[in-house]
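Presented below is the structure to which this report refers.
The values are calculated or read from the model by the stated rules, or taken from the named source; none is laboratory data. Given the structure is predicted, the values throughout are model-derived calculations rather than measurements. Every residue, glycine as well, gets a Cβ built from its backbone with ideal geometry; the counts of neighbours run over all protein chains shown.
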Ligand SMILES: [Zn+2]
């Protein structure tokens, strides 16, 4: 059964324009928290299920994040999460930073378009407007359904294997403290609750929200933990504000 909405803001009735703007910003932050969490969960699954990766693990984790958005949510919610989280890849809205060609992650714009392409490819009939709004070139759009099928098949077999190990072990959530932790706590606590029964991990993964001095999130295979840094919240708010100004 697909979820209608995990996001608090989508459940509210909106009355005023400024409330609408605030809600758009909150939805943006929440969608990105989810997508980042799914990416880190991708690293955890690669580790726990010993998924063979031919290429970069970062790309595989990005792909899993899109698939989870596509698989877990009803169309309208999935589209809004996929739309907002595409912008999470664009770290410098002013384009002054040099591309880090040596980095572990692909360049920002490439991750952005891979994300848009894959999500579009999952349902091209309903997502043409989504692709157009996000500037996916027609040339690339042609191959997206095939890219999606390949991704869904590869990750699908990993998920089938996990399901076969049912009931699996639920994730352990460790809430953070401080103002910026609140929204991360509420999104991730609700998400982990929704995932129990949907995603079956073979070992217990701890999900910690904490301040770590930078906007980052990471999976640590030595203690099977995902750390979500609260510094992401001001970073995502800045990203929303700078992209809506531009
Ligand atoms: Zn990663």
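One table, with the values for the structure above:
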{"item": "Counted residues, segment 104-148 - those being part of a loop (DSSP other than H, G, I, E, B) and surrounded by fewer than 19 Cβ atoms within 10 Å (Cβ to Cβ)", "result": "11"}
{"item": "Matching entry among 23, 84, 59, 47 (being within 13 Å of the ligand (Cβ to nearest atom), free of Cβ contacts under 8 Å to residues at least 60 places away in the same chain and not in a loop (DSSP other than H, G, I, E, B))", "result": "59"}
{"item": "Sole residue being surrounded by fewer than 16 Cβ atoms within 10 Å (Cβ to Cβ), within 18 Å of the chain's Cα centre (by Cα), within 16 Å of the ligand (Cβ to nearest atom) and within 21 Å of residue 61 (Cβ to Cβ), chosen from 218, 232", "result": "218"}
{"item": "Selection within segment 208-239 - in contact (Cβ under 8 Å) with a residue 12 or more places away in the chain and assigned to a helix (DSSP H, G or I)", "result": "232, 233, 234, 235, 236, 237, 239"}
{"item": "Candidate set: segment 189-207, residues that are crowded, with 18+ Cβ neighbours inside 10 Å and in a strand (DSSP E or B); chosen: the one farthest from the ligand (Cβ to nearest atom)", "result": "201"}
{"item": "Exclusive hit being away from the ligand (no atom under 16 Å from the Cβ), at pLDDT below 95 and more than 19 Å from the chain's Cα centre (by Cα), set 98, 132, 139, 125", "result": "98"}
